[in-house]
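The values are calculated or read from the model by the stated rules, or taken from the named source; none is laboratory data. Predicted model, so just to flag it, every value in this text is computed and none were measured. For neighbour counting, all protein chains shown are included, and Cβ atoms are generated from backbone atoms with ideal geometry for every residue, glycine included. The accessibility values were calculated without ligands, DNA or RNA, using every heavy atom of the protein model including side chains. Shrake-Rupley method; radii C 1.70, N 1.55, O 1.52, S 1.80 Å.
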Amino acid sequence: MSNVRSEIWNTFWQFALSLLLFNTPAFVGFSNYDTLAWSVVVCSLIIIIFFLGRRYVSLSPGLIERKNIWRLMGLIVLTVVANIFFELSILDLPFYHNIFPEEWAELLEDDMQMTLPLYLDACLLAPIAEEIAFRGVFLGGLLRMQCNPWLAILISTIIFSIMHMSPMMFLNVTIAGFIFGWLFWRTKSLVPGIIAHITCNTIASLCGPVIEYFTNPIQEEYAPNVVLDVIVIIIAIPMLFFALQRINKMVPKSINIERIK
């Protein structure tokens, strides 16, 4: 019982600290955009250095066997690509543009204001920091408390999605978060989720300027191609499940919860 209480306390304060650091730039309210951008980078770096340095989480290979590393990386990239196609096709559907017009405009404006520190954070530092906080600390804590794995993944995913504070992106972030959580639970390692998260954010960041070009008000001829979007969704879903199934078969079974860190 004391071990459970200790795990609850450790999970609570570590996760609360990570959330505080994530939101510090917003709390401070920097008026200078460059200062805000660099503060985001610094906060992500603090999370990474603190939690890895204190060994509250680790970058151990978990259940990943050395002989399967490159094959696993390929399947992770395939998973992310299929998921990106699926998410972009959903976002391109007309009802998303009609339901979230203000968020669409804000998203496009943010893409135009992306600077080097924000790209550095979005494509590298934030994915590592978020995997440490949401998967390593929170999900890992739930699993060590003997919470049902699927329930633990779901809870951590919902909190992950809520913290992104984007109604338009909620479904997409939830799907991606669930995949990252499953990778962590299945492999007992943060590394696959970090690679998937970095790949996902990098592709999404590169897609931003493309989306901005085709949805620019000057491009009045642009309209979502519903048929193409549906075809892509139909192709992407089997690709996604194929990659996840292959990963599941590749990683050996283990019930050792203590290996999750």
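Summary of computed values
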| item | result |
| --- | --- |
| Å² of accessible area per residue within the chain, as computed with a 1.4 Å probe and no ligands counted | 53 Å² |
| Calculated FRET value between Asn3 and Ser205, using beta carbons and R₀ = 30 Å, to 0.05 | 0.10 |
| Cα-based shape type of the stretch 1-68, given that a ≥ b ≥ c are square roots of the gyration tensor eigenvalues and the cut on a/c is 1.5 | oblate |
| Efficiency of FRET between Val227 and Phe170 - r from beta-carbon atoms, R0 30 angstrom, step 0.05 | 0.75 |
| Stretch gain in nm, segment Asn148-Ile234, where the contour uses 0.36 nm per residue and the Cα spacing is subtracted | 27.9 nm |
| Nearest-0.05 FRET efficiency for Leu52 and Tyr119, computed from C-beta distance (R0 22 Å) | 0.45 |
| Highest-MSF residue in the chain out of Asn83, Asn248, Asn172 [GNM, Cα springs under 10 Å] | Asn248 |
| Matching label, Rg and Dmax of the Cα atoms in Å computed from the structure shown, candidates (i) 18.3, 57; (ii) 24.7, 85; (iii) 19.0, 65 | (iii) |
| Positive dipole terminus of the stretch 54-189, leading residue within Phe170, Gly181, Trp70 (C-beta point charges) | Trp70 |
| Sequence-separation-based contact order of the chain, relative, with Cα cut under 8 Å and 6+ spacing, percent | 34 percent |
| Whole-percent carbon and sulfur share, accessible surface of the chain, 1.4 Å | 70 percent |
| Two-site label geometry, Ile158 and Val28: point separation in nm, points 7 Å out along Cα→Cβ | 3.3 nm |
| Karplus-derived HN-Hα couplings along the stretch 235-251 (A = 6.51, B = -1.76, C = 1.60, θ = phi - 60°), whole Hz, x at Gly and Pro | 6, 5, 4, x, 4, 5, 5, 4, 5, 5, 5, 5, 4, 4, 6, 6, 8 |
